Every structure is written in C-alpha cells, then in structure tokens.
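Asks: Here you go, one structure.
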Amino acid sequence: MTRKRRIYDGILNALTYLSSGIAVIILVMVLQFVFVRGWSGVNFDLLSKPYWSGNNTIEFPQFKTGAFDRPDHLGDDIAFSEKLGIGLSDGLDAYKEHQVVVEYLDPESPLHHGVVSTAGVDLGKELGLSEGSNIVNLMLKDTDDKIVNVGAQRKSTAEETVAAMDNISEMRKIYFKTEGGGINGSLKATLYLIGLSLVIALPIGIAAAIYLNEYAKANRVTNAMRSSIELLSGVPSIIFGLMGVSVLFPITQLMGIHTVSIILGALTMAVVLLPLIIRQTEESLKVVPIDLRYASLSLGATQTQTIFKVILPSALPGILTATLLSISRIIGESAALIYTMGTFIADRPRLDQGATTLAVQIWSLMSGEQPNFELSSTISIIILLIVLALNVSVKLISYRINKKWSVS
Amino acid sequence: MKTFEIKDLNLWYGDFHALKDIDMDIRNNKVSAFIGPSGCGKSTFLRVLNRMNDLIDGTKITGQVLFNGQEIYAPESDVVTLRTKVGMVFQKPNPFPMSVYDNVAYGLRVQGIKNKAVLNDTVEDSLKKAALWEEVKDRLSDNALQLSGGQQQRLCIARAIALSPEVILMDEPTSALDPIATGKIEELMESLKKDYTIAIVTLSMQQAARISDYTAFFLLGDLIEMGPTREVFHKPNDKRTEDYITGRFG
Ligand SMILES: Nc1ncnc2c1ncn2[C@@H]1O[C@H](COP(=O)(O)OP(=O)(O)OP(=O)(O)O)[C@@H](O)[C@H]1O
Ligand SMILES: [Mg+2]
C-alpha cells in the first residue's frame, strides 16, 4: 500500500516538474527568438524614423559652397566633403543593393537649402538633404563646366561622390531616398489610439462602476448588466472587430469618415475595454471600507458628495490600475484593429484615417510577400518592454493599495 | 429640557423585530448611556436618532421620534440637516485617508464653506475641544491614518464637533482602545457635556456608571428601564436590570 502510494506520488511529482520545465523552456525560447532576431535593431532612431522611404528630387536656386572642417567623431570609413560639409559612407539597403548614405551633414551645409523640383503638390517647397538618406543620383557642374552624375545609381562609391563634390562649381539636382524602416507612424497611431480609447472608455466605465456599486439595487436589471459585462470580457476580440465594422462604422460615417480610421478603432477598443474598466473599478470601490461611507454621511454629506470626495479618491489607485491594464490591452490588440483601422502603415497617422498600431504593424510586415522578421522582432521587443513596464507599475500600485488598507 | 422624545418606536430589519415599543426621553446637556447584552438593539436605537438606519435596505420604522419637537422621520424633514445637528462617533475609529486638517474641515466643506479663516478657526477650535490640538498642531497636514488609534478616535470626535452639533452619538467609542486612551476619551466626554447632549452605547458597566447621568437598559429589543444612573445601578426597578448589572459586576 505505502509502496504503491509512493510510486503514485513519484509519477505525479515527475509530471509536475516536467510540465513546469516545458513551460519555462518554451518561454525562454520565445524570448530568445525575439531578442536574438530583433535586439540589433533596437535603437532610438527607429522610434523617430518613418516606415516608408521617400523619393525626393531637389534643386538649389541659390547655391554657394563653403569651407567646412571634418568633425573629429567621423569614422575612417566616412568620406567628407570640405566644400559641402557632408559625410558619406557606402551601405547596403534591405535588398542588398549599394547605397551612398548621408552619415553627417554640417548644420551650415548648403545642402539644407533645396526646393522640391518634382511635379506635384510639394513642387517648390523647401526640402533639404537629411542624415540617413541615400543619394541615388547627384547632378553637378564641375570646375571645367562639365556636367557630372554620381550616386548609387551610377555605382559611385562614397569616396568618388565626395571627390566630385569637392570639384563642384554649381549644384544641379539631387535625387535621394529618405530612410525608411522605422516605426514612428505606428508609435504615433498607438498613442492616438490609447488616448482616444481611454477618453471614451474611462468616464463611461467609471460611471457605470459607480452606478453598479453605489446606486443600483440588487434586482434583475443589474444582474443582467453584470452578467453581460462578464460575458463581454470573454468575447474574442475579432468579434469586436466585426462589430466595429458593422455597428460603429455607420457612426463614424455620420462624422464624415468613409474609410477605416483611428476613431473607429478607438470606438471599438472602448467597447473592448469597458468590461475591464468597469470590473476593475468596481473591485476597487468595493474594498473602500464601509466605515468611510458612514463617516461621511454622518457628517451631513450627501451620497453624491460621499462618492466624489471620499470613495472615488480612495478608489483612485484601482482606477489607475484599470487604466494601465487598458493601455496594455490596446498595445497588445490586433484582431479588433485590423478590420477597424486597416493594415496600411501610415507614417503620418490622422484620426480620421486608417493606420497601424505597433502590433498591427507586425501583422502587416509579416503578411507581405517578403516577411520582415528583423523589424517584426524589434517591434516585439519594444512591445514586450512597454507591457513589462506597465505590469510592474500595476504590481506596485496594488501592493500600495494593500498596504494602505491594512494600516487603517 | 428634552432633546429627543421617542414614542412607540418599532423597528424591523426585514421580518426581524429589532426594537419594540420604545418610549424614551433624552435630556439635553446630559450623558445618556445605553447598556444591555450584545444584539439587544443598542446600536440600532442609536442609529435611529440620526437616521443612519435609512442606509440599510429593508428597515421599517414606526412611531414618533421628535428632535427639539420636530418629527425627524416626517417626509419634509431633511436628513442631511439632521445629521449636521446630530453627530456620530463610531466604534472603530474611521478617519478619512486625508490630512488631519481635511478630516476636521470635511463637514464644513460639504456644507459649501470655503472661507479659509473660518475653516482654520473651526479646525483649531474643534481639535482643542477634542483635547487633540497639542498633539497634532504641528502635524495638521499629515495623513490621519498615521495617528494612533486613540488619537484617531479623538480626531473623529473633533470632526463631529466641527459642525457644532447639538447631540453627539457614540457607539462603543472606546472598545477598540487601550485603558489610557479610554481614560482620555472619558475625560473628554465630561468636558463636552456642558456644550453637547451625549448618547453613548457601552458594554462596560463601569464606564456607564462613571460617565453617564442617565442609563437605559435594553434587552432583546425592549427598553426595560431608564432612569438616573445612580438609581438604575443601586435600586433598579426591574429584576432583569438587577440581574444584568450584578451578573456583570459579580
Ligand atoms: N443590518 C442589519 N440587518 C439585519 N439585522 C440586523 C442588522 N443590524 C443589526 N441587526 C440585528 O438587530 C439586532 C440588534 O442589533 P444591534 O447591532 O443594534 O445590537 P447591539 O445591541 O448594538 O449589539 P452589540 O452590543 O453586539 O453591538 C441583532 O439581533 C442584529 O442581528
Ligand atoms: Mg452595537
């Protein structure tokens, strides 16, 4: 009997250890995969760079050369033009094609003062060369009045390009590509979405929680409300996406928006977040000691005053927790947003147009013909770090709530 | 002078008959103590006087409760005004998680009083009356939860006093405190008596004997007897009162 029991216990223990071991290994593998692929791409430039590279042709109506000193910090592999104050290097783009990359541009360089020369809305607008751009073709007149073309298209090296620049008499045209592959647009769209969703969902959610916890009598209507909130929080978000398109889209249409948009995404996310906010806020209202309500009422405060002066302030940490969890949820959401905000990565997101959040940008990057693992992994790391920070904050807050009420 | 006159008072929690045919007068500027075994309805009766039972679902109340001759359960009676005149101190100290100052100023602020000078004066005055001023005058902006239990309870008394009530109701105000803090609060009650009418629920016979002018003995929702404290303790009219008091003492 005891022997049998010991074997039985042994098997169960082994299974437990094995399962937890597998879980840990899987977690470590996921993290390793993401970090190994994406860590090299993590830098601050990424946050400020657009995703799409731009094609620009500029001319220089008033062109004057100068005399510039090579800054000390430039590496040996960078060729520097003393007449134009520009540092160039040889590089490769995502498709392993040769590039002539602007590594450094002196603040006084004449190359800052160009105007757009391609036909279109931007024609005549001021546009300068910028660091990080790739010089595709550069047309200039040299000191012998001969037209010279250099740049990546001509397979010129950085060295050759600089040599041509230092022999310049007149600048004609520069055709360059601004650097892409960044996440600036998605970052902005994510922030817009967070802001707008919270502005919609927080007041409604908090008010609903106050109603449920403070005013509602325990009857069938409130019970039905509670059950539907429970139900809502278990619904897969793709269904919210469908609801957004079919139910909320007409609302944004009334506002004159006829495509997917950040507003539509925010409305949808607000619906997704409501159950979370209501439940979290209600929880935090519940733990406010009943004694405080009595104290307030016994001092001649009305119920409304009691709620707004005593209960809500005491519930504030809980509401903050709800807010942070909501932000986490928005950052992690993708299914509900693909339908409502579209999958086109917008570098300059607008509320009334479609855009991608960071998570949806990953979806877009991976669903194309050439999945971009590196950038996707980098974005994943950024998302993981943000979510980690949010979770730590939530832990800290709930720790402080517990401490607060256990003292009194 | 009678602050409260209660006639034929009955109270039910749902089907449970918690107070039965109570008749009682509460005299002004005296301390009235309510004693009786646990569950006999002392707290319930106290809450009748500032209508805190209104907050409990399913309570039903009949009879008359006159405060300065006015029926407080009349439809036109304003419960918010009543509670500013009839303050309450609870069994467990329950300061708000705010500063000491804000705690005392709370009652005035919800009345809409914002004048800084008025608030400052009232806070100082109330804390002095509650014998707490010397201990907290340098910590007015500290969170009230940092005070000791006894200080918290005196803060709650100051908070009630700040509204200049006529009556202060106290439900076992010292049961969560040590003997020294209890002594301080008992002293305080003695000094408050000249300005306020006090009704106190207590489980301690000694406390009732020490501090009260009148004592009422409750049993299972009935008011058995009420009279001057000396008489109730030394020659009670009812056998049950005597049993309870001597049982406790013996
Ligand atoms: N909210 C309530 N709902 C239902 N019954 C209640 C409620 N509050 C009190 N009672 C009942 O009413 C009776 C009187 O309660 P009360 O709290 O007034 O007693 P008490 O004399 O203050 O007792 P204690 O000395 O233990 O505080 C008790 O039987 C109690 O169970
Ligand atoms: Mg009681």
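The values are calculated or read from the model by the stated rules, or taken from the named source; none is laboratory data. If you're wondering where the values come from, they're calculated on a predicted model, not measured in any experiment. All Cβ positions, glycine included, derive from the backbone under ideal geometry; neighbour counts span all protein chains shown. We work out accessible area using only protein heavy atoms, side chains counted, and drop any ligands, DNA or RNA first. Shrake-Rupley method; radii C 1.70, N 1.55, O 1.52, S 1.80 Å.
Asks: Shielding of B:77-89 by partners, i.e. mean partner chain Cβ atoms within 10 Å per residue? Numbers along the way, then the final one.
Replies: On the way: counts 0, 1, 3, 7, 1, 1, 5, 4, 1, 2, 3, 5, 2.
Average per residue, whole number: 3.
Asks: Between segment A:199-264 and segment B:139-181, how far is it from one alpha carbon centroid to the other, in angstrom?
Replies: Here the two parts' Cα centres lie 44 Å apart.
Asks: Also, quick follow-up: Which lysines have a Cα less than 27 Å from the Cα of B:K193, not counting those fewer than 8 places away in the same chain?
Replies: Answer for B:K193, where 27 Å is the Cα cut-off: B:K2, B:K7, B:K30, B:K42, B:K85, B:K92, B:K128, B:K129, B:K137, B:K184, B:K235, listed by chain and number.
Asks: Just want to confirm a number: the relative contact order over chain B, from Cα pairs under 8 angstrom separated by 6+ residues, in percent. Can you show the working numbers first?
Replies: Working: 468 pairs, mean separation 68.3, N = 250.
Relative contact order here is 27 percent.
Asks: Taking the Cα centre of segment A:184-407 as origin, work out the dipole magnitude from +1 charges on Lys and Arg Cβ and -1 charges on Asp and Glu Cβ, in debye rounded to 20.
Replies: Rounded to the nearest 20 debye, it is 740 debye.
Asks: For the residue pair A:N149 and B:Y13, what label-to-label distance in nm results when each label sits 7 Å from Cα along the Cα-to-beta-carbon direction?
Replies: In this crude spin-label approximation the distance works out to 9.5 nm.
Asks: Would you list which aspartates and glutamates come within 17 Å of B:K116, measuring only between C-alpha atoms, while excluding same-chain residues fewer than 8 positions from it?
Replies: Answer for B:K116, where 17 Å is the Cα cut-off: B:D102, B:E124, B:D125, listed by chain and number.
Asks: Moving on. Dividing the convex hull volume of the alpha carbon atoms of chain B by its residue count, what do you get in Å³ per residue? Display every interim value, and only then the final one.
Replies: Values: hull volume 31.8 nm³, N = 250.
Once divided by residue count, the hull of chain B is 127 Å³.
Asks: Something else about it: Report the relative contact order of chain A, percent, no decimals, based on alpha-carbon pairs under 8 angstrom and at least 6 residues apart. Before the final figure, lay out each step's value.
Replies: Working: 651 pairs, mean separation 72.3, N = 408.
The value is 18 percent.
Asks: For the protein assembly as shown, give me the percentage of DSSP beta bridges that are antiparallel, rounded to the nearest 5 percent. Spell out each step's value before the answer.
Replies: Values: 56 of 74 bridges.
Rounded to the nearest five, the antiparallel share is 75 percent.
Asks: Please give the FRET efficiency for B:K137 paired with B:E5, using the beta carbon to beta carbon distance and R0 = 45 Å, rounded to the nearest 0.05. Please report the intermediate quantities before stating the final value.
Replies: On the way: r = 41 Å, r/R0 = 0.90.
Once rounded, the FRET efficiency stands at 0.65.
Asks: Using modelled backbone amide H atoms (1.01 Å from N, in-plane), which distant-in-sequence or interchain residues come within less than 5 Å of A:L105's amide H?
Replies: Amide H to amide H, under 5 Å and 5 or more residues apart or across chains, A:L105 pairs with A:G87.
Asks: Measure out, as a whole number of angstrom, how far apart the alpha-carbon centroids of segment B:1-15 and segment A:54-133 sit.
Replies: So the separation of the two Cα centres works out to 91 Å.
Asks: Continuing with the same structure: Say R0 is 22 Å: what FRET efficiency, to the nearest 0.05, do A:V28 and A:N391 get from their beta-carbon distance? Provide the component values of the computation, followed by the final result.
Replies: On the way: r = 18 Å, r/R0 = 0.84.
For A:V28 and A:N391, the calculated efficiency is 0.75.
Asks: Going 7 Å from the Cα of B:E71 toward and past its Cβ, which residues in segment B:1-29 have a backbone nitrogen under 15 Å from where you end up?
Replies: B:5-10
Asks: Something else now. For segment A:331-378, what is the convex hull (Cα atoms) projected area averaged across all directions, in square nanometres? Write down the numbers at each step before the final one.
Replies: Details: hull surface 14.1 nm².
For segment A:331-378, the mean projected area of the Cα convex hull comes to 3.5 nm².
Asks: Could you order A:H73, B:H17 so the one with the most accessible surface comes first? Probe is 1.4 Å.
Replies: Details: A:H73 135, B:H17 60 Å².
Ranking A:H73, B:H17 by accessible area, largest first, yields A:H73, B:H17.
Asks: Classify segment B:84-145 as rounded, prolate or oblate, taking a ≥ b ≥ c as the square roots of the eigenvalues of its Cα gyration tensor: rounded when a/c is under 1.5, otherwise prolate if a/b is larger than b/c and oblate if not.
Replies: Values: a/c = 1.37, a/b = 1.06, b/c = 1.30.
Judged from the Cα gyration tensor, segment B:84-145 comes out rounded (a/c under 1.5).
Asks: What does the highest-first list of A:211-221, A:80-90, A:324-334, B:58-68 look like by mean Cβ count within 10 Å? Write out the running numbers ahead of the final one.
Replies: Values: A:211-221: 12.2, A:80-90: 21.7, A:324-334: 20.0, B:58-68: 15.5.
In descending order of packing, they fall as A:80-90, A:324-334, B:58-68, A:211-221.
Asks: If the reach is capped at under 29 angstrom between alpha carbons, list the lysines near A:K96, excluding any in the same chain fewer than eight residues apart.
Replies: Within reach: A:K49, A:K155, A:K173, A:K177.
Asks: Tell me which of B:W12, B:P236, B:Q152 sits at the most positive position along the dipole axis of segment B:2-245, charges placed on C-beta atoms (Lys, Arg +1; Asp, Glu -1).
Replies: Of the candidates, B:Q152 comes out farthest on the positive side.
Asks: Using Stokes-Einstein with the Kirkwood hydrodynamic radius over Cα pairs, what translational diffusion coefficient do you get for the protein assembly as shown at 10 °C and a viscosity of 1.306 mPa s, in µm²/s rounded to a whole number?
Replies: Details: Rh = 31.9 Å.
It diffuses with D of about 50 µm²/s by this estimate.
Asks: Helix by helix through chain A, keep the DSSP H runs that span 24 Å or more along the axis on Cα and average at least 1.0 on Kyte-Doolittle, and give those back in order. It would help to have the intermediate numbers written out before the result.
Replies: Working: long enough: A:2-38 (54 Å, 0.93); A:184-210 (38 Å, 1.66); A:262-286 (34 Å, 1.26); A:312-332 (29 Å, 1.35); A:373-407 (51 Å, 1.18).
TM-like helix candidates: A:184-210, A:262-286, A:312-332, A:373-407.
Asks: Excluding same-chain pairs closer than 8 in sequence, count the lysine pairs in segment A:184-407 whose Cα atoms lie under 20 Å apart. Please list the in-between numbers first.
Replies: Working: A:K217/A:K286; A:K286/A:K309; A:K286/A:K395; A:K286/A:K403; A:K286/A:K404; A:K309/A:K404; A:K395/A:K403; A:K395/A:K404.
Qualifying lysine pairs in segment A:184-407: 8.
Asks: Moving to a separate point now. Evaluate the relative contact order of segment A:184-407 (contact order divided by residue number), counting alpha-carbon pairs under 8 angstrom at least 6 apart; express in whole percent.
Replies: Details: 283 pairs, mean separation 65.6, N = 224.
Here the relative contact order equals 29 percent.
Asks: Let a ≥ b ≥ c be the square roots of the eigenvalues of the Cα gyration tensor of segment B:61-194; is it rounded (a/c under 1.5), or, if not, prolate (a/b larger than b/c) or oblate?
Replies: Values: a/c = 2.04, a/b = 1.36, b/c = 1.50.
Note, shape of segment B:61-194 comes out oblate.
Asks: In the protein assembly as shown, if the dipole is taken from +1 on Lys/Arg beta carbons and -1 on Asp/Glu beta carbons about the Cα centre, which of A:G120, A:G151, B:N120 is farthest to the positive end?
Replies: Going by the Cα projections, it comes out as B:N120.
Asks: On to the next question. For segment A:53-177, what is the accessible area per residue in Å² when the probe is 1.4 Å? Numbers along the way, then the final one.
Replies: Values: 6920 Å² over 125 residues.
Here the per-residue accessible area is 55 Å².
Asks: So what's the back-of-envelope 222 nm ellipticity for chain B, counting only DSSP H runs of four-plus at -39500 (n - 2.57) apiece and dividing by all residues, rounded to 500?
Replies: On the way: 10 runs with 95 residues, N = 250.
Taken over chain B, the calculation gives -11000 deg cm²/dmol.
Asks: At what distance in nm do the modelled label points of A:L384 and A:Y211 sit from each other, each positioned 7 Å from its Cα along Cα→Cβ?
Replies: In this crude label model, A:L384 to A:Y211 measures out at 4.2 nm.
Asks: To the nearest 100 Å², how much accessible surface do chains B and A hide from each other in total, with a 1.4 Å probe? All intermediate terms of the calculation are to be shown ahead of the outcome.
Replies: Values: alone 11910 and 23150 Å², together 33260 Å².
Using a 1.4 Å probe on protein heavy atoms, the buried area is about 1800 Å².
Asks: So, one more: Could you give the C-alpha radius of gyration of segment A:53-177 expressed as a fraction of 2.2 N^0.38 Å, taking N as the number of residues it contains?
Replies: Working: Rg = 13.5 Å, N = 125, 2.2 N^0.38 = 13.8 Å.
Expressed relative to 2.2 N^0.38 Å, the Cα Rg reads 0.98.
Asks: Also: Put one equal scatterer on each alpha carbon of segment A:184-407, apply the Debye formula with no solvent term, and list log10 I(q)/I(0) at q = 0.09, 0.14, 0.16 1/Å to two decimals.
Replies: Debye output, listed in q order: -0.43, -0.91, -1.09.
Asks: A further question on this structure: Take every residue in peptide B:100-111, count the Cβ atoms of other chains within 10 Å of its Cβ, and give the average of those counts.
Replies: Values: counts 0, 0, 1, 2, 0, 0, 8, 6, 2, 4, 9, 4.
Taking all residues of B:100-111 together, the mean is 3.
Asks: Each residue of segment B:75-83 in order: what ³J(HN,Hα) in whole Hz does its phi give by Karplus 6.51 cos²θ - 1.76 cosθ + 1.60, θ = phi - 60°, with x for Gly and Pro?
Replies: x, 7, 6, 9, 5, 5, 5, 3, 6
Asks: Give the ranking of B:I56, A:I26 by solvent-accessible surface, highest area first, calculated with a 1.4 Å probe. Present the calculation step by step, with values, prior to reporting the outcome.
Replies: Values: B:I56 50, A:I26 95 Å².
Result of the area sort, largest leading: A:I26, B:I56.
Asks: Please give the calculated 222 nm ellipticity per residue for chain A, where each DSSP H segment of at least 4 residues contributes -39500 (n - 2.57) and the sum is spread over every residue; nearest 500 deg cm²/dmol? Provide the component values of the computation, followed by the final result.
Replies: Working: 14 runs with 215 residues, N = 408.
Computed mean residue ellipticity for chain A: -17500 deg cm²/dmol.
Asks: Hey, rough spin-label estimate for A:E369 and A:K64, points 7 angstrom out along Cα→Cβ, what's it come to in nanometres?
Replies: 5.0
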